[in-house]
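Undergrad: Let me give you the structure first, and then I'll get to my questions.
The values are calculated or read from the model by the stated rules, or taken from the named source; none is laboratory data. Computed from a prediction, not measured in an experiment: that's the story for all the values here. For neighbour counting, all protein chains shown are included, and Cβ atoms are generated from backbone atoms with ideal geometry for every residue, glycine included.
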Amino acid sequence: MCGWRAAGPSVALLLLAGGPVLAGPPGPAGRPLAPVRVPSGGAAAPLPGALSVDAAVRIALDGHPLERAAAEGLRAAEAAVGEMKAAFLPTVELRASYQRWEAPAFLPDAMQADGATGLETIGPTNDWSTGLAGRYLIADGGGRTARLREALATRSLAEHERRRVREDLALEVRQAFYAVAAALDGQEVATVNLVRAREHVQLARVRRDAGAVAGGDVIQAEVGAAAAQLEHVRMASRVAEARGRLNTAMGLPVALEFDLVRETAPVAPPAAPPVEADLTRAAANRPFSLAALERVAAAAAAVEAARSSARPRIAAEWAAGLRDDDLGLSNPDWRVGITASWTLFDGSASRRRVARARAEEAKARAEAERAGQLVRHEVWTAHARLVEAFEAVRAAGALVRNAAEGVRVARERYRAGAGTVNELLDAEAARARAATIEVQARWDHRIAQAVADWSAGRSVVPGGTER
């Protein structure tokens with residue numbers, strides 16, 4: 001591991017092939033950067049001048065909006081579980097009221113005075129009351145249990161969703177980080193190629209002044225130098241674009257500048273192609289597929305909750321307090337009892353509610369099956385691309401060696417007057433393309449390895465374990 005901005009491995013190959021020793025390209029990346037403070041969990045935290053890929057992932061997971069949203073979603077799901085558990089406990093209320101009312105009263109004949117009619121009036125009177133009232137649901141056809149199961153499944157779903165967000169963010173940051181590293185290495189290669197192209201111009205001018213070649217060689221060499229300058233500008237733009245994408249993936253301001261620790265890693269041959277057991281294990285470990293299974297569990301619980309709405313409900317109720325026609329409240333007032341209810345007709349609403357819940361469950365099961373298929377496809381594709389990336393690195397290494405040898409031969413022939421400037425420029429262009437391909441191939445392999453780990457259910461979060 002190194003934390004300084006030096007030429008990457010591909011540039012080192014170019015230098016060994018006979019090119020001049022150059023420092024990295026000038027610009028903001030070459031300056032020592034002061035520590036920058038970025039939000040971290042609501043508090044300020046320093047961002048070091050040079051970041052490794054693991055440090056970049058940690059910054060993203062510490063304050064990224066998607067991570068915060070997933071964490072709040074999990075907290076909401078946990079609160080919903082507590083809410084469903086509370087339904088198994090009695091409720092107690094403190095009540096106080098005041099009413100003034102008058103109502104007719106029909107009294108039996110035995111209670112009426114002589115000559116009185118059967119209608120008497122009570123009031124107007126004041127009615128003051130206060131006290132406690134409670135209710136406990138004894139039975140509800142399994143509705144509370146079903147809703148609790150649904151809440152528990154939703155909480156597990158939120159946990160898997162948060163892990164999915166973290167793993168997806170970690171993969172996105174790694175891909176963006178490696179893209180920046182590839183662009184920086186490519187920029188260094190472009191810088192080396194630009195200096196070499198200018199050297200060819202000088203060589204052509206020396207030979208022209210000596211009368212060994214015509215002036216057309218100088219023009220052709222200058223065209224090659226202009227093309228190298230254009231490639232250098234293009235790579236600088238690519239670096240800026242890749243940096244903006246990395247900052248966005250980390251949840252940082254897009255224009256924030258910091259240096260990268262470009263770690264080199266051995267390119268190991270990929271494992272054997274995944275078999276059915278590997279695909280099944282990946283589907284069992286990926287948060288994406290696990291979340292789909294929890295959706296099925298939540299939907300199944302919702303079906304049972306819908307069924308409970310058509311079953312009898314039994315509840316115990318009580319109240320105790322004081323009641324009077326003034327604020328003295330000297331008369332006790334209490335009641336206790338059990339109520340039972342059973343909906344006999346609701347316009348088929350309960351039946352349709354169950355049908356809707358069953359359809360949602362069937363939908364969730366189909367989506368879970370599809371999630372398993374997608375995971376298996378992603379594992380298979382990621383392995384194929386990892387094999388391709390490994391072979392590309394091997395081929396690019398041979399290409400760089402052959403191209404460097406071609407430049408050496410063409411340069412010697414041109415110095416001796418046996419070769420043409422076109423031959424030299426063609427060889428140099430071939431070496432530049434080979435160096436660019438080799439740089440991109442190495443970082444593409446790092447990306448392919450990260451995607452392969454992610455798709456197989458192996459954590460790409462620093463310090464993570466297989467999910």
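Undergrad: Hey, can you tell me all the residues within segment 55-101 that are within 12 Å of the chain's Cα centre (by Cα) and surrounded by fewer than 11 Cβ atoms within 10 Å (Cβ to Cβ)?
TA: 65
Undergrad: Taking the stated definitions as given, is residue 457 under 19 Å from residue 283 (Cβ atoms), outside any helix (DSSP H, G or I), out of contact with any strand residue (DSSP E or B) (no Cβ under 6 Å at 6 or more places or on another chain) and modelled with pLDDT of 90 or more? Show your work before the answer.
TA: On the way: under 19 Å from residue 283 (Cβ atoms): yes; outside any helix (DSSP H, G or I): yes; out of contact with any strand residue (DSSP E or B) (no Cβ under 6 Å at 6 or more places or on another chain): yes; modelled with pLDDT of 90 or more: yes.
Yes; evaluated as a whole, the condition is true for this residue.
Undergrad: Inspect segment 249-265 for any residue being under 19 Å from the mean Cα position of the chain (by Cα) and assigned to a helix (DSSP H, G or I) and give the result as yes or no.
TA: Keep residues of segment 249-265 that are under 19 Å from the mean Cα position of the chain (by Cα), which gives 249-254.
Now drop any that are not assigned to a helix (DSSP H, G or I), which leaves 249-250.
Within segment 249-265 (the criterion being under 19 Å from the mean Cα position of the chain (by Cα) and assigned to a helix (DSSP H, G or I)), the answer is yes, since at least one residue qualifies.
Undergrad: In this structure, is residue 189 surrounded by fewer than 20 Cβ atoms within 10 Å (Cβ to Cβ) and among the aliphatic types (A, V, I, L, M)?
TA: For residue 189, the condition - surrounded by fewer than 20 Cβ atoms within 10 Å (Cβ to Cβ) and among the aliphatic types (A, V, I, L, M) - is not met.
Undergrad: Could we say that residue 450 is out of contact with any Lys or Arg (no Cβ under 6 Å at 6 or more places or on another chain) and at negative phi here?
TA: no
Undergrad: Could you say whether any residue in segment 367-385 is touching a Pro at 6+ places or on another chain (Cβ under 6 Å) and not β-branched (Val, Ile, Thr)?
TA: yes
Undergrad: Still on this model: Residue 86 - would you say it is farther than 30 Å from residue 195 by Cα, at pLDDT 95 or above and either in contact with a Lys or Arg (Cβ under 6 Å, 6 or more places away or on another chain) or not hydroxyl-bearing (Ser, Thr, Tyr) (or both)?
TA: So residue 86 passes the test.
Undergrad: Can you go through 191, 154 and tell me which one is over 26 Å from residue 70 (Cα atoms) and among the hydroxyl-bearing types (Ser, Thr, Tyr)?
TA: Sole residue among the options that is over 26 Å from residue 70 (Cα atoms) and among the hydroxyl-bearing types (Ser, Thr, Tyr): 191.
Undergrad: Taking residue 162 as the residue in question, decide whether it is basic (Lys, Arg), under 44 Å from the mean Cα position of the chain (by Cα), over 30 Å from residue 74 (Cβ atoms) and assigned to a helix (DSSP H, G or I).
TA: So residue 162 does not fit the description; no.
Undergrad: Take segment 119-146 and flag every residue that is in a helix (DSSP H, G or I) and touching an Asp or Glu at 6+ places or on another chain (Cβ under 9 Å).
TA: 143, 145, 146
Undergrad: Still on this model: Go through segment 172-221 and give me each residue that's in contact with a His (Cβ under 6 Å, 6 or more places away or on another chain) and on the phi > 0 side of the Ramachandran plot.
TA: Within segment 172-221, none qualify.
Undergrad: Does residue 404 fit the bill of being in contact (Cβ under 8 Å) with a residue 60 or more places away in the chain, aliphatic (A, V, I, L, M) and either in a helix (DSSP H, G or I) or touching a Lys or Arg at 6+ places or on another chain (Cβ under 8 Å) (or both)?
TA: yes
Undergrad: When you go through 328, 347, 337 one by one, which is the residue that is at pLDDT 95 or above, exposed (fewer than 12 other Cβ atoms within 10 Å of the Cβ) and not aromatic (Phe, Trp, Tyr)? Full working, then the answer.
TA: Values: 328 fails: at pLDDT 95 or above; 347 fails: at pLDDT 95 or above.
So the residue among 328, 347, 337 that is at pLDDT 95 or above, exposed (fewer than 12 other Cβ atoms within 10 Å of the Cβ) and not aromatic (Phe, Trp, Tyr) is 337.
Undergrad: Suppose we keep only residues that are without any contact (Cβ under 8 Å) to a residue 24 or more places away in the chain and outside any loop (DSSP other than H, G, I, E, B) within segment 416-426. Which one would you say is surrounded by the fewest Cβ atoms within 10 Å (Cβ to Cβ)?
TA: Applying the filter and picking the extreme gives 416.
Here's the yes/no breakdown for (1) within 19 Å of the chain's Cα centre (by Cα); (2) not in a loop (DSSP other than H, G, I, E, B):
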site	(1), (2)
267	no, no
274	no, no
281	no, yes
288	yes, yes
292	yes, yes
296	no, yes
299	no, yes
315	no, yes
319	no, yes
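Undergrad: Still on this structure: Which residues, taken from segment 160-209, are within 19 Å of residue 53 (Cβ to Cβ) and of a type in the set (Lys, Arg)? Reasoning before the result, please.
TA: The first filter runs over segment 160-209 and keeps only residues within 19 Å of residue 53 (Cβ to Cβ), leaving 165-188.
Within segment 160-209, 166, 174 qualify.
Undergrad: Residue 452: within 30 Å of residue 51 (Cβ to Cβ), touching a residue at least 40 places away in the same chain (Cβ under 8 Å), under 30 Å from the mean Cα position of the chain (by Cα) and surrounded by 22 or more Cβ atoms within 10 Å (Cβ to Cβ), yes or no?
TA: Yes; evaluated as a whole, the condition is true for this residue.
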